[in-house]
Structures are given as C-alpha cells and as structure tokens.
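The next block holds one structure in the form of structure tokens; read it before the comments.
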Amino acid sequence: MKLGMGMMRLPITDENDFRSIDYEQVNEMVDTYMDAGFNHFDTAYIYHEGIGEEAFRKSVAERYPRDSFKVATKLPLFIITEESQLEPIFNEQLQNCGVDYFDYYLLHNVSGFTETAWKNVDLYSFIQKKKEEGRIRHIGLSTHGNAEFLDNLLMEHPEIEFVLLQINYLDWEDEAIESRKCLEVARKYKKPVMIMEPYKGGFLADVPEEAEKIMKEYNPDRSVVSWAMRFVANLDNVCVVLTGASNMEQLKNNIDEYKNADALNEKEYKILEEVSEIINGNITIDCTKCRYCVDTCPKNIDIPKIFDLYNKHKILGREDWSQPGNAYLNYSKLPDVGIASDCIECKVCIEECPQKINIPEALKDVAETFETETYGFG
Ligand code: SF4
Ligand code: SF4
C-alpha cells in the first residue's frame, strides 16, 4: 500500500479564487512528499476549476524525471455527451499534465446520473484502446455509487483493473455510502482499491469535543486524525490511500500518520463506533468540498464554501458566531456570486453530490442562519 498525494485541494493565495494556486508552497509540498519516499499523484481534469492538471505539470512533471513519479487522472464524465469529445479531451489531458502516458486513468465519478449524458458513448472501449496504444498503463474508475451499483459495474466491465472508492470509518456502515460493502465487492472481483476521502473532507480531523475526549482518554499520544489513517491503512486489498493537503502542515501530518499507522485493536474499533455515533449526531452538513456541484449551479452559489461557514458556525456556537457570520457577509459582497437565498431550487446540484446532500434544503437553513440582521443583512 502507498500514500498518494491528492491534488484536489491545493493551497491557494486568494480564498475566493480556486485557480490562484500557491505554487511556491505546492512545490515545497511535492518535494517533501517525494523526499519521504512516495511518488503517487492524483489529479483530475476538473480540479481547481480546470487547472488541476496544469498544477500537477508545473509542480511535478516539469520538475522531476518521468520515471520518478506515477500520475493518475480522470476522464471528466460530467461533460461527455459525444464520442467525438474523447480523443481531444484525452490529448488535452496529456498536454495539461506534461506526460506522454498516464500510469492510472479513471472514468471520473461513474454514477446513474452521469450515465444519462454519456450512455451512447463507449467510454470503456476508448480507455482500453488508449491502454493498447501505450497511453495508459492501468484503467480504472471512481464512483460514489452504492455496493449494488459497483457490483453491476464490475460484472459488466471486467476490463476495469482498479477502483477508487470513498472509504473511512464514518462511512463504513453508512447506508448511502456503504464503504464496507463496496470494499467487499471490489475484493469479490479481485480489483485493488484506491481510497479517497479517508478523513471525509476534513471532518475526521476535527471531531466534536466529546468524541476527541474519548480518543484522548484512551491514548493521549495519538492525534485525532491518526485514528482515521490507521483505520484505512490496515484494510486488505487497498493499493493507495489518497490524502489531500491544503498546506505543508497537513501534508507532513499525513506522512507522519501514514508511517505510524499500526493496526487498530478490538477496543479501538469499538471506540471508533462510539465516535462515529457522536459525529453523526453533530454533523450539520457533511459536505466534503469536492465542488462537483459548483459548475452546475445557475445562480453561481459557492455551495461548499457557504456550507463550510455554516458548519463552523454550528461548531463554534454562540461563543464566536461573528467569525463565520462576517465571512458570509464578505462572501455575499463578492461580484457575481449567489448567496443561499438566491437558490431557485432547480435541484440540478443534488444529482451531482456524491454525499447525497439535499442542497437546496440545506441552503434554506444557511439563509435562515446567516441572512439576518445579526449578521449584517436585512
Ligand atoms: S438547487 Fe439551488 S443551489 Fe442547487 S443548482 Fe439549483 S440554484 Fe444552485
Ligand atoms: S455539496 Fe456535495 S457536491 Fe457540493 S461540494 Fe459538498 S459534497 Fe461536493
């Protein structure tokens, strides 16, 4: 098993501009990660509003010899409606990444929803052809579908060599995500698994106080996030654990936690069950900030950003409500962005959300919380 460097949430210089990548910091992070003995980078066509692959090229491909790293990227199914798009997009991706082959190439977020757009496009034959041409070493797919969906996919497509799945202790028995069951399906078909969201978009690094207390009482020397890493790093049939870092400190922590990820004992598994119950009772909106919903919103609402502020507000409570409230007010003054009450309930975003969040309903809560006189509205 390896630790992969996910490039979905790289450091940025302007918090309101996802394309403002802080290359100085990213380069240092890449160097630190490589110096620690790892070399697997994971990007995608859509990351960082379309410049994620370019960021990989500038920080890795242009700075390291090709045989020193592995790169995984993904075909953006969200925009595929015709066969004729495949070749140009694939060639653009090679150019974006600055490589002449991909080590791993995935169909990005295969789901019942994305399938409706590309159902007449033979994606599977295309990626197989690219593999035969030597442009891809291994073909795979990522999905947030449930175990039954994954089972059907792998039965119909034995050519798929590996899968990228959302697995962490909180989603292990979750009825919508079905981490455990999905992993079992992959094992059944003998497909190695790459893991995404081992910290569930940061939720498992910042658990409620009550949960942290239980973890610390059991072992004061272990960080909260170490529990999440130890959970995934000791699963069978896993080839890569992807962690995304938005700064150097997070990256160093990821490396340390991975290197020290010894197996959990029975008592610790029990503690994680208890912790999951507490977290589930506290989570307000379990958005992992993947940003899949953002491009589809006709009102240009930065959904993950305002969900993040809302969650912070709920965690901080009344003690320090002004901080997220002020940030929301500042956000509302940016040009060309929508705020929560601008939502017209078209529901397009719901189909995009891997966490199955009822976004328009959640936005109503956000609007009721922030768009009040207390926070400078009205
Ligand atoms: S339901 Fe609201 S948030 Fe979702 S896409 Fe439509 S306008 Fe945007
Ligand atoms: S609301 Fe859903 S789709 Fe949008 S960023 Fe959050 S998890 Fe991703």
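The values are calculated or read from the model by the stated rules, or taken from the named source; none is laboratory data. All values reported here derive from a predicted model rather than from experimental measurement. Reconstructed Cβ throughout: ideal geometry from the backbone, glycine too, with neighbour counts over all protein chains shown.
Being of a type in the set (S, T, N, Q) and at pLDDT 95 or above is the requirement here; does GLN85 meet it? Steps first, please.
On the way: of a type in the set (S, T, N, Q): yes; at pLDDT 95 or above: yes.
Yes; evaluated as a whole, the condition is true for this residue.
Inside region 257-355, counting only helices (runs of 4 or more DSSP H) that do not spill past its ends, which hold 2 or more residues that are closer than 30 Å to VAL110 by Cβ and out of contact with any Gly (no Cβ under 6 Å at 6 or more places or on another chain)?
On the way: elements: 266-282, 303-316, 322-332, 348-352.
Fully inside region 257-355 and qualifying: 266-282, 303-316, 348-352.
Can you name every residue in region 358-373 that is part of a loop (DSSP other than H, G, I, E, B) and near ligand 1 (Cβ under 10 Å from one of its atoms)?
We begin by selecting, within region 358-373, every residue part of a loop (DSSP other than H, G, I, E, B); these are 358, 371-372.
Answer for region 358-373, where residues must be part of a loop (DSSP other than H, G, I, E, B) and near ligand 1 (Cβ under 10 Å from one of its atoms): just ASN358.
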